[in-house]
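Remarks on the structure that follows.
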Amino acid sequence: MSETLLLWDVDGTLVNTGRAGELALARALEDWGLPPVPDVVEIAGRTDRAIVRSLLQYYQQPSDDLAVAVFCTMYLRHLPKCVQERRGIGYLYPGVKDLLQTADALGWTQGLVTGNLRDGAKTKLSAYGIWSHFAFGAFADDSEDRNDLPQIAAQRALSHGLSRLDPSRTWIIGDTPRDVTCAKYSGFRCLAVATGSYSVQALQNAGADVVLENLSDTAQVLLALG
């Protein structure tokens with residue numbers, strides 16, 4: 001029997017942290033003696049390591065792997081405080097908690113495919129009470145290229161309750177065209193939600209298998225996931 005595997009994005013899909021990550025990046029840049037995050041450096045849908053490398057290159061700083069690793073450590077040091085500072089404007093997206101609990105009850109396997117560093121994802125999701133739903137995932141620590149992450153997470157799923165990988169029952173759930181691209185690159189399906197910075201039309205144009213305004217209707221989402 002085919003088993004369902006759900007691989008979740010974090011920011012813009014599960015949780016809105018009130019841009020706590022960008023605040024932590026800005027504070028790490030300040031530690032580095034650099035100005036705040038420039039608008040010309042794209043953030044949505046990219047891995048933390050790719051973002052950091054782009055920032056360092058933009059400011060004409062060393063951007064080798066060691067420099068990226070040092071900067072990421074500084075970012076992670078600031079992130080917990082930034083998440084707490086933004087709790088007043090941060091929130092779980094509608095329907096997320098019910099959907100995670102229902103998927104667990106159905107015996108579906110759930111993990112993460114996120115551009116966050118693992119410790120960053122843990123900090124964000126723990127603050128909003130849902131980290132415990134995810135025993136595994138693939139993160140920026142694993143690869144700077146988001147397209148690599150779904151296959152990494154899928155292989156880890158086989159050690160966390162999934163007995164057989166079925167690409168037709170494996171879903172990337174995210175809010176950006178990059179989530180769609182990485183799903184297609186891996187031969188998986190994509191449910192895209194317009195809760196981030198991209199519209200329903202933009203996500204449809206990117207080629208998502210299913211596009212929803214949000215995840216508030218649990219029955220609708222479960223029907224879409226089959």
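The values are calculated or read from the model by the stated rules, or taken from the named source; none is laboratory data. All of these numbers come straight from a predicted model, not from anything done at the bench. Cβ placement follows ideal geometry from the backbone for every residue including glycine, while neighbour counts extend to all protein chains displayed.
Looking only at residues that are of a type in the set (A, V, I, L, M, F, W, C) and in contact with a Gly (Cβ under 8 Å, 6 or more places away or on another chain) in region 52-88, which one is nearest to F139 (Cα to Cα)?
L76
Looking at region 40-93 only, could you name the residues that are in a loop (DSSP other than H, G, I, E, B), farther than 14 Å from G18 by Cβ and in contact (Cβ under 8 Å) with a residue 60 or more places away in the chain?
A44, G45, R46, T47
One residue is enough: does region 39-54 have a residue meeting the conditions closer than 26 Å to K97 by Cα and over 20 Å from the mean Cα position of the chain (by Cα)?
No, every residue in region 39-54 fails to be closer than 26 Å to K97 by Cα and over 20 Å from the mean Cα position of the chain (by Cα).
Residue by residue through region 190-208, note down the ones that are surrounded by fewer than 18 Cβ atoms within 10 Å (Cβ to Cβ) and part of a loop (DSSP other than H, G, I, E, B).
Correct list: S197, S199, G207.
Could you look through region 137-167, keep only residues that are within 16 Å of the chain's Cα centre (by Cα) and of a type in the set (S, T, N, Q), and pick out the one that is farthest from D65 (Cα to Cα)?
Filtering region 137-167 for residues that are within 16 Å of the chain's Cα centre (by Cα) and of a type in the set (S, T, N, Q), the one farthest from D65 (Cα to Cα) comes out as Q151.
I'd like the residue in region 117-135 that is of a type in the set (G, A, S) and surrounded by 17 or more Cβ atoms within 10 Å (Cβ to Cβ) and, out of all such residues, is nearest to Q84 (Cα to Cα).
Result: A127.
Within region 187-199, identify whether any single residue is touching a Cys at 6+ places or on another chain (Cβ under 8 Å), over 26 Å from L79 (Cα atoms) and among the small types (G, A, S), and answer yes or no.
Checking region 187-199: not a single residue is touching a Cys at 6+ places or on another chain (Cβ under 8 Å), over 26 Å from L79 (Cα atoms) and among the small types (G, A, S).
Scan region 143-164 and tell me whether some residue there is part of a strand (DSSP E or B) and either among the hydrophobic types (A, V, I, L, M, F, W, C) or modelled with pLDDT of 95 or more (or both).
no
For region 1-20, what are the residues that are hydrophobic (A, V, I, L, M, F, W, C), closer than 19 Å to F188 by Cβ and buried (at least 21 other Cβ atoms within 10 Å of the Cβ)?
Those that are hydrophobic (A, V, I, L, M, F, W, C), closer than 19 Å to F188 by Cβ and buried (at least 21 other Cβ atoms within 10 Å of the Cβ): L5, L6, L7, W8, V10, L14.
Among the residues that make up region 35-53, is at least one of them crowded, with 19+ Cβ neighbours inside 10 Å, more than 24 Å from W131 (Cβ to Cβ) and not β-branched (V, I, T)?
Yes.
For Q84, all conditions in the list (1) surrounded by 17 or more Cβ atoms within 10 Å (Cβ to Cβ); (2) out of contact with any Pro (no Cβ under 9 Å at 6 or more places or on another chain) hold save one; what is the number of the exception?
Q84 satisfies every listed condition except (1).
Out of T102, T73, report the one residue that is over 17 Å from L29 (Cβ atoms) and either surrounded by fewer than 13 Cβ atoms within 10 Å (Cβ to Cβ) or of a type outside the set (G, A, S) (or both).
T102
Please go through (1) of a type outside the set (S, T, N, Q); (2) outside any loop (DSSP other than H, G, I, E, B); (3) surrounded by 20 or more Cβ atoms within 10 Å (Cβ to Cβ) for L215 and return the number of the only condition it doesn't satisfy.
(2)
For region 173-226, enumerate the residues that are among the aliphatic types (A, V, I, L, M), more than 15 Å from G45 (Cα to Cα) and in contact (Cβ under 8 Å) with a residue 12 or more places away in the chain.
V200, V210, V211, L212, L215, V221, L222, A224, L225
Going through T181, T218, T170 one at a time, which residue ends up being over 18 Å from the mean Cα position of the chain (by Cα), modelled with pLDDT of 95 or more and of a type in the set (V, I, T)?
T218
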